[in-house]
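**Q** Let me give you the structure first, and then I'll get to my questions.
Here, each number is a calculation from the coordinates, and none is a lab measurement. All values derive from a computational prediction rather than experimental measurement. Ideal geometry is used to build each Cβ from the backbone, glycine not excepted, and the neighbour counts take in all protein chains shown.
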């Protein structure tokens with residue numbers, strides 16, 4: 001796999017912030033998304049604390065190290081809680097190139113349910129067996145919590161922060177965003193369904209099979225079975241075209 005340049009990563013991360021704002025998954029200036037820059041230093045880009053997500057551009061992202069200090073001069077500070085969460089995961093998971101955290105209504109609601117995320121709908125199946133949970137310890141300002149965050153996340157792509165919010169990781173910015181977009185939809189559908197009455201859940205074997213359809217399109221297929229390996233690439237390209245229409249300037 002070829003590595004993106006820092007400028008490409010800046011544009012992708014700025015796009016991700018704009019998309020989170022566009023789809024109303026932001027929380028004023030709070031929450032955070034980061035992407036690791038290739039190299040042994042584990043430097044990563046994160047939002048300039050104090051800007052709304054629709055103000056973020058490729059050039060105003062802040063580059064910091066695992067110690068939380070800016071690598072290059074910036075007029076903007078960094079959210080301390082963002083540093084605690086993101087530096088821990090970037091240091092521990094080589095595949096977690098992008099880390100995305102939200103405080104949405106539906107996500108916070110499901111994170112507070114004892115049952116967690118259920119396989120209520122086809123959209124939920126992408127995450128079947130893929131969700132980890134981390135108990136609430138207060139605002140993430142304690143460096144000691146980093147080890148427990150990493151332990152609880154394990155090798156999963158999704159972490160539900162109990163009584164707090166949602167977190168996804170991805171090998172790319174697009175993967176982390178699309179995971180969060182559909183995780184948010186899964187939570188929203190679950191809350192709506194639970195409000196209406198008893199749930200009908202598919203059998204475990206159907207959930208397992210559907211999860212593989214989403215996450216392993218390159219697997220050996222049965223005769224007559226089709227796959228859709230380009231779906232997420234096409235979706236991300238479409239999202240960038242939309243941003244160029246409705247929120248231009250993120251590439252600057």
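**Q** Which whole-number percentage describes the relative contact order of the chain, with Cα contacts under 8 Å and a sequence gap of 6 or more?
**A** 22
**Q** Could you check what % of the DSSP bridge pairs in the chain are antiparallel, to the nearest 5?
**A** Close to 85 percent.
**Q** Pairs of alpha-carbon atoms within less than 8 angstrom and 6+ residues apart define the contacts here; what relative contact order does segment 45-127 have, in percent?
**A** 19
**Q** Also, I was wondering about something else. Which one of 140, 114, 92 has the biggest mean-square fluctuation once the chain is modelled by GNM with Cα springs under 10 Å?
**A** 114
**Q** Quick one: compute the contact order of segment 137-176, relative version, from alpha carbon pairs under 8 angstrom and 6+ residues apart, as a percent.
**A** Taking the mean separation of contacting Cα pairs over the length of segment 137-176, I get 21 percent.
**Q** For segment 200-252 and segment 81-147, what is the separation of their Cα centres, given in Å?
**A** Answer, in whole Å: 21.
**Q** Of 59, 26, how do they rank once you tally other Cβ atoms within 10 Å and put the fewest first?
**A** By the 10 Å Cβ count, ascending: 59, 26.
**Q** Continuing with the same structure: Extension gain residue 212-residue 242, at 0.36 nm per residue separation less the Cα-Cα distance, in nm?
**A** So the extension gain works out to 7.9 nm.
**Q** Among 188, 155, rank each residue by its count of other Cβ atoms within 10 Å, from fewest to most, as a rough exposure measure.
**A** With the fewest neighbours first, 188, 155 line up as 155, 188.
**Q** Just subtract the alpha-carbon distance of residue 141 and residue 51 from 0.36 nm times their residue separation and send over the number in nm, one decimal.
**A** 30.4 nm
**Q** Helix 204-215 versus the longest principal axis of the chain: what angle, 0 to 90°, nearest 10, using Cα atoms?
**A** Value to nearest ten degrees: 40.
**Q** Follow-up. Using alpha carbons only, what's the Rg to Rh ratio of segment 189-252 with Rh from Kirkwood?
**A** Ratio of gyration radius to Kirkwood radius for segment 189-252: 1.16.
**Q** Grab the Cα-Cα distance for residue 73 and residue 252, subtract it from 0.36 nm times how many residues apart they are, and report the gain in nm with one decimal.
**A** Here the answer is 62.7 nm.
**Q** Working from Cα positions, state the angle (0 to 90°, nearest 10) between the long axis of helix 80-92 and the longest principal axis of the chain.
**A** Computed tilt is about 70 degrees.
**Q** Let me ask another. Counting just the Cα atoms, what span does segment 82-164 cover along each of its three principal axes? Round to the nearest Å and put the largest first.
**A** Largest to smallest, the principal-axis extents are 36, 27, 18 Å.
**Q** Helix-only mean residue ellipticity at 222 nm, the chain, DSSP H runs n ≥ 4 weighted -39,500 (n - 2.57), per residue, nearest 500. What is it?
**A** My calculation for the chain gives -12000 deg cm²/dmol from helical runs alone.
**Q** I would also like to ask the following. For segment 1-136, rounded, prolate or oblate, judged on the Cα gyration tensor with a ≥ b ≥ c (square roots of eigenvalues), a/c < 1.5 rounded, else prolate if a/b > b/c?
**A** Prolate, because a/c is 1.5 or more and a/b exceeds b/c.
**Q** Could you point to the label whose value was computed as mean projected area of the Cα convex hull in nm² for the structure here, given (i) 13.1; (ii) 11.0; (iii) 14.4?
**A** Answer by label: (iii).
**Q** Taking the Cα atoms only, what angle lies between the long axis of helix 173-194 and the longest principal axis of the chain, rounded to 10 degrees?
**A** 50
**Q** Another question about this same structure. How would you rank 28, 239, 13, 113, going from fewest to most other Cβ atoms within 10 Å of each one's own Cβ?
**A** 28, 113, 239, 13
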